[in-house]
Amino acid sequence: MTELVEHGQLFIGGEWTDPLGTDRIRIVSPHTEQVIGSVPHASKADVDRAVEVARQAFDSGPWPRMSLDERIAVVSRIKDAIAVRHEEIARSISSQNGSPYSWSILAQALGPMMVYDAAITVARGFPYEEHRQGVLGPILVRREPVGVVAAVIPWNVPQFVAAAKLAPALLTGSTVILKPSPEAPLDSYILADIAREAGLPPGVLSILPADREVSEYLVGHPGVDKVAFTGSVAAGRRVMEVAARNLTRVTLELGGKSAAVILPDADLDTAVAGIVPAAWMNNGQACVAQTRVLAPRSRYEEVAEALAAAAGALVVGDPLDPATQLGPLVAARQRQRSLDYIRIGQEEGAKVLAGGGRPAAMETGWYVEPTLFGDVDNSMRIAREEIFGPVVCLIPYGDEAEALRVADDSEFGLSGSVWTGDVEHGIDFARRVRTGTFNVNTFSLDMLGPFGGYKNSGVGREFGPEGLSEYLEHKMIHLPAGYGAGA
């Protein structure tokens, strides 16, 4: 039986602090459906306290005034401590959200380490000041920390997304209130311990698990200078609406319905081996998942057969079992959502090629079989709406022009891939697709380049110098004529 994990305090400004409210969040295992832990539910009064200490730390504390090397040293210690505790972090997250342990090791623990490491690399080479010759004379352009950051993260990859926001915010000198999801707050307590031991000064980081109501209060707080949000499109619209009341800067990393396009000359074994983990990653609970597979009609039957066989071979089971490739969904509501879409797809005329229901062998847990639909038309709801579960659509197309039209015919534009025997042709195809990231004969996410979406998939970018810039204000200083001449 899993040991019950219970915490009684909140991490506010670097100190363990008694909550001002009495509500608690119960965390339920998606595998056993039993309570595995509980934490305090942060109140609006707790948000006020966290914003106040973050404001003080930014306005008059040492953190923004430290040298870059000093901040890098602290962030490096955070990264190194994650390395030491990566198995504990992976187990904690898998227990909460059902992510397969093998995937959690890579994406939930080692992935955040890569995010911190890449951000440090970018920060070292970033031009925080530069002299330019302006129209009317010399100017100095500065990039300065944005201030108090509210970072609101989801339950599906909590430490990865936390790192994507914390790393650039901390390295540039901002202070942060991190708001974990109520479905997966336990790992944030590990992060709090790590941050405290790494030597973050008082006030620089607070971690407040809470629901949507308190999240909205944080996003709309007048003491917050920037909101960094990852979540659904509907929630992202609400975040932007609330933040706009104070003209608070926002970055939004939202949903996707990404297309994996198999061109007629593709090596099918290579394509299937790349698409399957990209389509069903994290039990289908990933914004970048390749959930629409486009196959040429000339090869449709062999693609359908290969994908269905691969989906049916995925090992479904206990997320803490290293052999598991697909675990349970995070909550009963998410399981029902996937089952509803499977029903909708059948009503729309799509054909179930693999899966299509709950695994018979799993008596408890919020499981859905890895499901593949064939004969899907891109106008169907299952092809247009983000399901966020293990449901993938196979869509036939005629020529390449049609493939490009179908890939782009979406309100989303986050990711995608093309599989071809000609890499140069694949690059040309990638240039024509309106998504923020794209892959040619591979599937990955590189933290030294910009990540984000077109259309309803988001606003702004994470990672790379573009992501670091989102946590900086730009200042222009006019200098007297002749300044610097002959220097």
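The values are calculated or read from the model by the stated rules, or taken from the named source; none is laboratory data. All values reported here derive from a predicted model rather than from experimental measurement. With ideal geometry, Cβ positions are generated from the backbone for all residues, glycine too; neighbour counts draw on all protein chains shown.
Failed condition for LEU372, given (1) in a loop (DSSP other than H, G, I, E, B); (2) in contact (Cβ under 8 Å) with a residue 12 or more places away in the chain, with all others met?
All conditions are met except number (1).
Has region 407-420 got at least one residue that is closer than 20 Å to ARG299 by Cβ, assigned by TED's automatic domain parsing to the domain that holds PHE373 and among the charged types (D, E, K, R)? If you could, list the steps in order and put the result at the bottom.
Step one: list which residues in region 407-420 are closer than 20 Å to ARG299 by Cβ, which gives 407, 416-420.
After this cut, where a residue has to be assigned by TED's automatic domain parsing to the domain that holds PHE373 as well, the list is 407, 416-420.
Remaining after also requiring among the charged types (D, E, K, R): none.
Taking every residue of region 407-420 in turn, none turns out to be closer than 20 Å to ARG299 by Cβ, assigned by TED's automatic domain parsing to the domain that holds PHE373 and among the charged types (D, E, K, R).
So which residues in region 297-342 are among the basic types (Lys, Arg), surrounded by fewer than 16 Cβ atoms within 10 Å (Cβ to Cβ) and without any contact (Cβ under 8 Å) to a residue 40 or more places away in the chain? I'd like the intermediate steps shown before the answer.
In the first step, residues of region 297-342 are kept if they are among the basic types (Lys, Arg); the result is 297, 299, 333, 335, 337.
Add one more test, that the residue is surrounded by fewer than 16 Cβ atoms within 10 Å (Cβ to Cβ), and what stays is 297, 333.
Within region 297-342, ARG333 is the sole residue that qualifies.
Looking at region 446-476, which of the residues that are in contact with a Gly (Cβ under 7 Å, 6 or more places away or on another chain) and acidic (Asp, Glu) is surrounded by the most Cβ atoms within 10 Å (Cβ to Cβ)?
Of everything passing the filter in region 446-476, GLU462 is surrounded by the most Cβ atoms within 10 Å (Cβ to Cβ).
Report every pair of residues separated by at least 6 positions or lying on different chains whose Cβ atoms are under 7 Å apart, first residue within region 94-113 and in contact (Cβ under 8 Å) with a residue 40 or more places away in the chain and surrounded by fewer than 23 Cβ atoms within 10 Å (Cβ to Cβ), second outside any helix (DSSP H, G or I) and hydroxyl-bearing (Ser, Thr, Tyr).
TYR101/THR324
Yes or no: ILE477 among the β-branched types (Val, Ile, Thr) and either within 19 Å of the chain's Cα centre (by Cα) or part of a helix (DSSP H, G or I) (or both)? Let's see the steps before the verdict.
Values: among the β-branched types (Val, Ile, Thr): yes; either within 19 Å of the chain's Cα centre (by Cα) or part of a helix (DSSP H, G or I) (or both): no.
When the stated conditions are applied, ILE477 does not pass them.
Taking the stated definitions as given, is PRO359 assigned by TED's automatic domain parsing to the domain that holds GLN290 and under 21 Å from LEU314 (Cβ atoms)?
Values: assigned by TED's automatic domain parsing to the domain that holds GLN290: yes; under 21 Å from LEU314 (Cβ atoms): yes.
Yes: the conditions hold for PRO359.
When you scan region 364-377, do you find a residue that is in contact with a Leu (Cβ under 7 Å, 6 or more places away or on another chain), crowded, with 18+ Cβ neighbours inside 10 Å and small (Gly, Ala, Ser), even just one? Show your work before the answer.
Residues of region 364-377 that are in contact with a Leu (Cβ under 7 Å, 6 or more places away or on another chain), as a first pass: 366, 368, 370, 372-374, 376.
From what is left, the residues that are crowded, with 18+ Cβ neighbours inside 10 Å are 366, 368, 370, 372-374, 376.
Remaining after also requiring small (Gly, Ala, Ser): 374.
Checked against the condition, which is being in contact with a Leu (Cβ under 7 Å, 6 or more places away or on another chain), crowded, with 18+ Cβ neighbours inside 10 Å and small (Gly, Ala, Ser), region 364-377 yields at least one hit.
Here's a check for you: in region 229-271, which residue that is closer than 29 Å to LEU294 by Cα and charged (D, E, K, R) is farthest from the chain's Cα centre (by Cα)?
Within region 229-271, the match that is farthest from the chain's Cα centre (by Cα) is ASP265.
So in region 194-212, with the set limited to residues that are touching a helix residue (DSSP H, G or I) at 6+ places or on another chain (Cβ under 8 Å) and charged (D, E, K, R), which one is nearest to VAL157 (Cα to Cα)?
For region 194-212, the residue satisfying everything is ARG212.
So ARG461 passes all but one of these: (1) under 23 Å from the mean Cα position of the chain (by Cα); (2) under 29 Å from ALA273 (Cβ atoms). Which condition number does it fail?
Here ARG461 clears every test but (2).
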